[in-house]
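Just so it is clear, none of the values below were taken in a lab; they were calculated from the coordinates. Predicted, not measured: the structure shown is a model, and the values here were computed from it. Glycine also receives a Cβ, built like all others from the backbone with ideal geometry; neighbour counts cover every protein chain displayed.
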Number of protein chains: 2
Amino acid sequence: MSIDRVAIIGLGLLGGSIGRAVAQHAPAIATSGYDADPAVRAKARELGLVATISNTAADAVRDADLVVLCVPVGAMAAAARDIAEALPPQAIVSDVGSSKQSVLDDLRAALPGHAVIPAHPVAGTEQSGPEAGFASLFENRWCILTPPEGADEAAVETLSEFWRKLGARIEIMDAEHHDLVLAVTSHIPHLIAYTIVGTASDLEEVTRGEVIKYSAGGFRDFTRIAASDPTMWRDVFLNNKSAVLEMLGRFTEDLTALQRAIRSGDGDKLHDLFSRTRAIRRGIIEEGQDDERPDFGREH
Amino acid sequence: MSIDRVAIIGLGLLGGSIGRAVAQHAPAIATSGYDADPAVRAKARELGLVATISNTAADAVRDADLVVLCVPVGAMAAAARDIAEALPPQAIVSDVGSSKQSVLDDLRAALPGHAVIPAHPVAGTEQSGPEAGFASLFENRWCILTPPEGADEAAVETLSEFWRKLGARIEIMDAEHHDLVLAVTSHIPHLIAYTIVGTASDLEEVTRGEVIKYSAGGFRDFTRIAASDPTMWRDVFLNNKSAVLEMLGRFTEDLTALQRAIRSGDGDKLHDLFSRTRAIRRGIIEEGQDDERPDFGREH
């Protein structure tokens, strides 16, 4: 099995980056694409994100060996229904969504009999839209595949090889575990970033101008994440509810314990935690998952 | 009034950066320095962070027009006592601490009759120690001065001019308001970053290896802040307790409201917040307080 033609449905940051990465790293693979927004299709044509832009999702997938759905996870079911009729029987259907159990359920319900192998490349920026993508987005990032039990192994390997060509490293796990892991490494961080930015925006005693001026004290880091696409993130929280609420419970317990330590003046408890947390950053840098330069290499 | 000789007590990230910035931007000002740690003094000599490194704090300040205390806020009182005897009567005493009411109280108690003008340059990185500093750290960053009521206006202007020479912009406010503003733009962001990194490190269902591998989903941003100096941050929370607890209460209320929205599937409430939070990032970039490149300009 090999991929000769890939169809990308949804041409925002992720879809556009896949198109660009294929053109750069696997130019023998033909690309087609579709986006529900005519303005995005026009921009994608202008930028040449994929070779052929169709005016319907069905047309985009008609000759595809692989279809990658790059839409918010709440729109996966509708996107799958839109391609159902035209989808070649042997095509692999995958996606890039941040929650996997809901996507697996939605795609299997809409596309019975098709090879559905959900995937999540853990990569992105705070920007969105067809102009935001770039070919190197997936380099040295992990792409998690969550094939259902009994999935065709050859199809899993074919999809893995596709992502490896774009520079990604592959991990395979079940959808439920993915959703728990990503709740802590991605969904809760986004939730608390959105929250603190909201809190800071709504204060009466501290003006918005003050928040902006003194944001270099740490707050500005959170505003990057809190500038992410609202629809994408709304859908993540609605579709990974139980894992998010579970991990949020753990976070809140830990925060309450620190609050108590501050109130009681327990400096040792604070110092102990603040010392332990350094190790995990070293691990991230050693694993090549972050820029080792101070302050992410920001310009000073 | 002008500054001809500045003494820097504490030669870590902030003290070292002031030394380097003076050498670059105001080379006519003579610099002396001291650090309580002999290894830091030796490294500071090797790096030439200041022109003269003394073996006691008293010796370092003996001829100074301006003394800048660059030690954790919990060590300010002891540092002030150490210089009290040798401090020239007309010298301005300032600092770089992240909480200001506690520092103002500590310095005035230890140095009665001296011109005490606390200051907080809102700048830094996650690194610490004498090798971490650099001359451009303060460029285009705000330095907040919190002179006590009745402070000598000429001294305030002299200190302002010193910081302007290092590239900083000056704001003046009272210490109590500073502590409230910085609680939200700096202290709470650090507290929640330390907390989530601690939560993720302690999970049983998700391994530390998984947290590291998939950290590019958002978590890695928090690990940078949570790699900051433990002693400095312990002291901030112990010395700005009431403002931190107040702002933490607001944050927790807002987080609970979002938790409820997730539980009840209220997508509109989530989408509304996630849309509002983008504006403040635009403000920060327009104000020159963050790198406008996607992902802070991280290397991909």
For the protein assembly as shown, calculated [θ]222 nm from helices alone, where every DSSP H run of n ≥ 4 adds -39500 (n - 2.57): -14500 deg cm²/dmol
Positive minus negative residues near B:L69 (Lys, Arg vs Asp, Glu; Cβ under 12 Å): -3
Charge dipole magnitude, Cβ of K and R +1, D and E -1 - the stretch A:177-297, Cα centre, debye nearest 20: 120 debye
Nonlocal amide H pairs with B:R5, under 5 Å, H built at 1.01 Å: B:A30, B:D65, B:L66
Inter-chain Cβ neighbour average for residues A:240-246, partner chain, 10 Å: 2
Local electrostatic count at B:L87 - Lys and Arg +1, Asp and Glu -1, tallied over other residues with Cβ under 12 Å: -3
Antiparallel DSSP beta bridges within chain B, percent to nearest 5: 10 percent
Residue with peak Gaussian network fluctuation, chain B [Cα springs, cutoff 10 Å], from B:D59, B:D221, B:D105: B:D221
Loop-located GluC sites (Glu not before Pro) in the stretch B:187-217, at most 16 other Cβ atoms within 10 Å (DSSP): B:E204, B:E205
Gaussian network model of chain B, springs between alpha carbon atoms under 10 Å - residue of B:L13, B:L203, B:L66 with greatest fluctuation: B:L203
For the stretch B:104-165 versus the stretch A:20-43, the gap between their alpha-carbon centres in whole angstrom: 53 Å
Order of A:V184, B:V40 - criterion: other Cβ atoms within 10 Å of each residue's Cβ, fewest first: B:V40, A:V184
The stretch B:5-173 - share of DSSP beta bridges that are antiparallel (%, nearest 5): 10 percent
Teacher prompt: A:A39 distances to equivalent labels in other copies, 7 Å Cα→Cβ, nm: 5.8
Share of Cα-Cα pairs in chain B lying beyond 33 Å, as whole percent: 29 percent
Per-bin percent of Cα-Cα distances, the protein assembly as shown [10 Å]: 3, 17, 25, 22, 15, 10, 6, 2, 0
DSSP-defined beta bridges in the protein assembly as shown - what % are antiparallel, rounded to 5: 10 percent
Of B:K43/B:K100; A:K241/B:K269; A:K43/A:K213, pairs whose Cα-Cα distance is over 24 Å: B:K43/B:K100; A:K43/A:K213
Within the stretch A:5-173: Cβ-based charge dipole about Cα centre, in debye rounded to nearest 20 (Lys, Arg +1; Asp, Glu -1): 340 debye
Gyration tensor (Cα) of the stretch B:177-289, equivalent ellipsoid semi-axes in angstrom: 23, 22, 16
Label distances, nm, A:T256 versus same residue in remaining copies, Cβ-directed 7 Å point: 1.0
Cα coordinate range in the stretch A:5-173, projected on the principal axes (Å, largest first): 41, 35, 30
Gaussian network model of chain A, springs between alpha carbon atoms under 10 Å - residue of A:I83, A:I284, A:I188 with greatest fluctuation: A:I284
For B:W142, distant residues with modelled amide H under 5 Å away: B:V122, B:R169
Chain A, rotation onto B, residue closest to that axis via Cβ, with its distance in Å: A:F296, 2
Burial ordering of A:H190, B:H114, A:H178, B:H25, fewest other beta-carbon atoms within 10 Å first: B:H25, B:H114, A:H190, A:H178
Other copies of A:T52: label-to-label distances in nm, shortest first, labels 7 Å along the beta-carbon direction: 8.0
